[in-house]
Amino acid sequence: MISIIIPTFNEANNISLLIPKIYDVLDNHYNYEIIVVDDNSPDGTAKVVRRLGKKYSVRLLLRKNKRGLSSAVIDGFNIAKGDLLCVMDADLSHPPELLSKIILLLNKNDLVIGSRLVKGGGSESWPIHRKIISWCAQLLARPLTPVKDAMSGFFALKKSVINNVKLEAYGYKILLEILVVGNYKKVAEVPFTFLNRTFGKSKIGVGVEVEYIKQLAHLYEYKFFNRTNN
């Protein structure tokens, strides 16, 4: 079984479009569940998900006193029934049509990443300042992993990768933490074009950038100073 984990905050319009698209790709082909982890969105995202759950294989985890993308993903991992886990954004920036290829590649890989930075991948009409921020973030993460798009929010993994692994939920880039602390051998990157969101506003801001610096400090310390080598 594959568990599709989607963290949300104020994504009522987008999630109503995304879930049927996932259904069209996976239904009748895979045993799957969709887990929406919502941080008590004031726009009624949870209400939309409950309504969709009457028709689609969707579960809602509503977090009333907790916020944060990475911690939402980890909470989704904790309740997932699948032995395969997939994470994607709710804002339609990650194409559901790629799910079949990602799942297929998990047969021979422990981690499969939707990548903007391998040949064939890219981002749709990003302004120059966002490109610079993304480039700097990737550069700072380069000593931690050889994966080209370690900042991707679209990825899948075998559950064994995080079994008995403590994920700290620093920052917004949970994939980067998994790449540093997870148990895996083979990783594949699949090209895709990151699309601009259909509804709502981006969550990227100064607070996210500060959290990323904190996450980098934690992961650098883990990898280069405190890790116990067997």
Requested in this report: Indicate, rounded to the nearest 5 percent, the antiparallel portion of the DSSP beta bridges found entirely in the chain.
Outcome: 25
Report task. List the lysines whose Cα lies under 25 Å from the Cα of residue 131, skipping any in the same chain that are fewer than 8 positions away. Result -> 119, 148, 173, 201, 203, 214
Query - FRET efficiency, 1/(1 + (r/R0)^6) with R0 22 Å, evaluated for residue 160 and residue 40 via beta carbons - result: 0.10
Report summary line: For segment 61-150, shape from the Cα gyration tensor axes a ≥ b ≥ c, cut at a/c of 1.5 then a/b versus b/c, turns out oblate
**Report entry** Structure-derived semi-axes √(5λ) of the Cα gyration tensor in Å - corresponding label in (1) 26, 20, 18; (2) 38, 21, 12; (3) 33, 17, 16
**Finding:** (1)
**Report entry** Straight-distance crosslink candidates among aspartates and glutamates, where the alpha carbon sits under 16 Å from residue 101 and sequence neighbours closer than 8 are dropped
**Finding:** 24, 27, 110, 189
Query raised in the report: Where does each of 108-120, 63-75, 7-19 land if you order them by average Cβ count within 10 Å, highest first?
Result: 7-19, 108-120, 63-75
**Report entry** Accessible surface, the chain, averaged per residue in Å² (probe 1.4 Å)
**Finding:** 51
Query raised in the report: Which percent of the accessible area of segment 38-177 is formed by carbon and sulfur heavy atoms (probe 1.4 angstrom)?
Result: 53
Report task. Please list, in chain and number order, the residues 5+ apart from residue 114 or on another chain whose amide H is under 5 Å from its amide H, with Hs placed from the backbone. Result -> 154, 155, 156, 190
Requested in this report: Would you tell me the accessible area of residue 218, worked out with a 1.4 angstrom probe on the heavy atoms of the protein chains, in Å² to the nearest 10?
Outcome: 40
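The values are calculated or read from the model by the stated rules, or taken from the named source; none is laboratory data. Since the structure is predicted, the reported quantities are computational estimates derived from the model, not experimental observations. Virtual Cβ from ideal backbone geometry, glycine too; neighbours counted across all protein chains shown. Accessible surface areas use protein heavy atoms only, side chains included; no ligands, DNA or RNA. Shrake-Rupley method; radii C 1.70, N 1.55, O 1.52, S 1.80 Å.
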